[in-house]
1. If you take every residue apart from A:GLY252 with its C-beta less than 11 Å away from the C-beta of A:GLY252, what net charge results, scoring Lys and Arg +1 and Asp and Glu -1?
2. At a 1.4 Å probe radius, which order do B:ILE227, A:ILE243 fall into by accessible area, largest first?
3. From the mean inverse distance of alpha carbon pairs (Kirkwood) and the Cα radius of gyration, derive Rg over Rh for region B:153-276.
4. For region C:302-316, what does the Karplus curve 6.51 cos²θ - 1.76 cosθ + 1.60, with θ = phi - 60°, yield as ³J(HN,Hα) per residue in whole Hz, taken in order and with x for Gly and Pro?
5. Which shape class, rounded, prolate or oblate, goes with region A:2-349 when its Cα gyration tensor gives a ≥ b ≥ c as root eigenvalues, a/c under 1.5 marks rounded, and past that a/b bigger than b/c marks prolate?
6. List, in order, the whole-Hz ³J(HN,Hα) value for each residue of region B:266-277 obtained from phi through the Karplus relation with A = 6.51, B = -1.76, C = 1.60 and θ = phi - 60°; use x for Gly and Pro.
7. For peptide B:299-311, what's the mean number of Cβ atoms from other chains within 10 Å of each residue's Cβ?
8. Through the Karplus equation 6.51 cos²θ - 1.76 cosθ + 1.60, θ set to phi - 60°, convert the phi angles of region B:287-299 into ³J(HN,Hα) values in whole Hz; use x for Gly and Pro.
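The values are calculated or read from the model by the stated rules, or taken from the named source; none is laboratory data. None of the values given here were measured: they were computed from a predicted structure. Glycine also receives a Cβ, built like all others from the backbone with ideal geometry; neighbour counts cover every protein chain displayed. Heavy atoms of the whole protein, side chains included, go into the accessibility calculation; ligands, DNA and RNA do not. Shrake-Rupley method; radii C 1.70, N 1.55, O 1.52, S 1.80 Å.
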Amino acid sequence: MALMSLLALVPVSLVLTFIGAPPWLRFVTSAAAVAVLAEWIRRGTEQLARHAGATVGGLIMVTLGSVAELVLGLFVVASGHMAVVQAQITGSIIGTSLLGLGIAILIGGLSRQRQTLKPAKAGLLSTLLILSVIALLLPAIFDYTARQGHLRDVRITDEELSLGASIVLLLLYAGNLGYTLVTHRDVFADEEADAAPTWGLGVSLGVIVTCTVVIALESEFISDVLIPTAAILRMTPEFLGVIVLALVGTSGDIFAAGWFAHRDQMALALNICIGSAIQLVLVVVPLLVFISAFMAKPMTLVFVNPLHLFAIASTAFIVNAVARDGETTWFEGLLLVGVYVLIGLGFFFIRPA
Amino acid sequence: MALMSLLALVPVSLVLTFIGAPPWLRFVTSAAAVAVLAEWIRRGTEQLARHAGATVGGLIMVTLGSVAELVLGLFVVASGHMAVVQAQITGSIIGTSLLGLGIAILIGGLSRQRQTLKPAKAGLLSTLLILSVIALLLPAIFDYTARQGHLRDVRITDEELSLGASIVLLLLYAGNLGYTLVTHRDVFADEEADAAPTWGLGVSLGVIVTCTVVIALESEFISDVLIPTAAILRMTPEFLGVIVLALVGTSGDIFAAGWFAHRDQMALALNICIGSAIQLVLVVVPLLVFISAFMAKPMTLVFVNPLHLFAIASTAFIVNAVARDGETTWFEGLLLVGVYVLIGLGFFFIRPA
Amino acid sequence: MALMSLLALVPVSLVLTFIGAPPWLRFVTSAAAVAVLAEWIRRGTEQLARHAGATVGGLIMVTLGSVAELVLGLFVVASGHMAVVQAQITGSIIGTSLLGLGIAILIGGLSRQRQTLKPAKAGLLSTLLILSVIALLLPAIFDYTARQGHLRDVRITDEELSLGASIVLLLLYAGNLGYTLVTHRDVFADEEADAAPTWGLGVSLGVIVTCTVVIALESEFISDVLIPTAAILRMTPEFLGVIVLALVGTSGDIFAAGWFAHRDQMALALNICIGSAIQLVLVVVPLLVFISAFMAKPMTLVFVNPLHLFAIASTAFIVNAVARDGETTWFEGLLLVGVYVLIGLGFFFIRPA
């Protein structure tokens, strides 16, 4: 099985690191290994969820769905590359919502006149995406205002504001879980029938824990070679974060979304792509803020680079425009991919001086 | 009757002012008195409207609906606290559209699976809210551009631009009245049956005039103690304006919206919350610009603080996302309240240095 | 026939130019001549399209639909007035999308309770408009970020970024042609029945070529007198570009949209107004970037004036809010015109110092 053999990337990246291979080679192999391990965690989680029944299973799926991104983010934060983590967050949002959803809609639409989405679901996901954008932009705007001298005689403490906003986001996420898994379960339940687990409970847990530990190790390798790799490729570390690292964390989602779209299960594809971006903002980002505060290397919610804010806001608007009417066609997929390429071009043409 | 006994706040605030009580105590009692008096004006207006028949009555309701906010705003402008008035305007918009509508949707949705809105009405209100946002942002963006040196050799006169924009806003509001009360009356007429007046014409007019005069007096008191109160509470005067003063002017709307939502009359709740924000921008703000120009203390439409622009724009987008589909659920209410709390946190963490 | 006699403007503008009449008079007559010639090109194109059959005819219509704007833009670029070309682009977008569509909806709605649009078409045009806005804003935001010191040790090359983005836009436009003319032709075909051509093939081609050449000549005249005219009228050259030059290029579209709206053919009116704005961004702007690069007077996509970005973004949001529900009423038309007047006021009050 192909995915099994790809696990060979893990020992390869280990060996390359210990023999001191060129940084870019270590970066590429470690990043690819993380992508493969993330997919194994997803499988283990799926099996675990089948043991647990519908509601608890749904909770397990969404809770463990972002483990890989969280671990990768924590190690990059720990090594002090704040800007790279923020780039990775931005890149994950545009990677799943623009590139992933765009490819899915394009694939699904090539052989069909049009595909339909549940309007209630598309509407909720669009609204949550707009909320996420507001939440991510807010601290940056406040920080910018306070620092640029628009207000006199004030001080702002980014850490306090970030912690406060993170609590609000986690509470809203808890509300979202109650909404989709309990009170309005009928609207949001996926089409997939409940299946019996094929792995035992112990195997499932073992796979999840082992892969998480190995991802932590690979994340450490990646953090070490980030700057040298960027220098060799004549790119900014930021470009590596927005495009490369982000796609590492989300490649599994993008493949899965394309697969479901091909089978005309657009609700699942939408859920994976937009749901993944929302979960990043409402769960991974607040947790990074909290854990990094404990590690005494606080990551704030303040995105210092306006490009990120623009990229995230654009994503929300174009996804909203495409998804809200409950129908998709191939050209809408092409538009989403086009916006991703435009944003990627912008990050690409900002080169080291 | 509870509302009658609350009028005792008026003499209490008078006494506290004349015995020289601590500023924050005078601020709180005067602010609460304004909230109570605004509710009495609303009742008097309702009675007056019942004497006048449907179309003229509707006109009376909307025209007198913002008297309290206008009077309060004028006195704060007259005392020179320009930034506080702008904060109060921003606060009223987010207070009714996010907090008020959010609470109403939450209350209404707790005991129901979903509630419906008339799509035509929700669509018009959303569109007017976006128009209002553009109108409020425009002068600030022009001013910013002209002053930051993006354009060479130009001058911009904020007062002229503000007066010109105010005329356009008032004309659009007149068009809106013709639209909702005359040409498309059938679409926008509220569900409430016409009721017979229970107060005489003279009593109704007397209550309105008296309460307006007393609000003017209380507003004068509030203006006097604004700065000392902010200093004591270690808050910026701006925070007092955005959160406290704004809620004073809109608490009646928020309670009424919650009440109608509880009775599943979402169209009325939406009308109160969004209609109140729109009326503020299309009527109260232009009138403040005109009257303040006559008072030789011109208030311009230029919102100098980017936080206000961001808060107002965010409100329009999230309300649009929630209301446009013509259905609401409790979680959408929670999202609106969540965005209000996020924005409030931002204003809160900007502290005096 | 009225349109025939208006061609007299061409010799009049020629004579005025050669006798050295006052600049503003030469500006006005040349500008009016361009508007008339653009309408003749439109007629010639329509005849040509009828010779070619439905699909190729549609392709001819959209391809030649922007010839006048492209030629006018090229001559203004060639004379070095970069800011005026960008102003003309902004002005064309708001002129067709706000003023043109607003007038059309207003005219159509005055004698009807409501008019309907095909939702699929309105949705696609709204989405493309949002894409266009993102594409136009992106280079400016990147440029701003790189130059304002938010990023350290980077350089950005506006020309490379502009060329790259232009390629993406042209590819998306090709996709749009395939979508509307081939794969989803049934959804987007206009209501108008195919008509037999009344002009011969040669006459049609001759009219198009001749008018294009004369427009080039008149554009040269306009470029020469731009600055003196602005000085005499005490306006910025930018105001001339945004309001006057832009309306010259789009007056034909605005008249046609009003005419179709009057006959209750709102789909055609919408197509003309929004389609024209989209075509400008996806075709005319990239071609201007490419051709100007060849002329060694590169025009970049970087809009240096934030007013343009705000005007364009506002347009997309309000058009989206008005058109998306598939229904229009007179008041929505009034709102669009109102936003146009607000933006126009802003540009007007930025006066030469």
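1. Residues close to A:GLY252 contribute a combined charge of -1.
2. B:ILE227, A:ILE243
3. My calculation of the ratio gives 1.06.
4. 7, 7, 6, 9, x, 4, 5, 4, 5, 4, 5, 5, 4, 4, 4
5. Rounded is the answer for region A:2-349, as its axis ratio a/c remains below 1.5.
6. 5, 4, 5, 4, 4, 4, 5, 6, 6, x, 5, 5
7. Going residue by residue through B:299-311 and averaging, the value is 3.
8. Per residue, the Karplus-derived 3J(HN,Hα) values read 5, 4, 4, 5, 5, 5, 5, 5, 7, 6, 10, x, 8 Hz.
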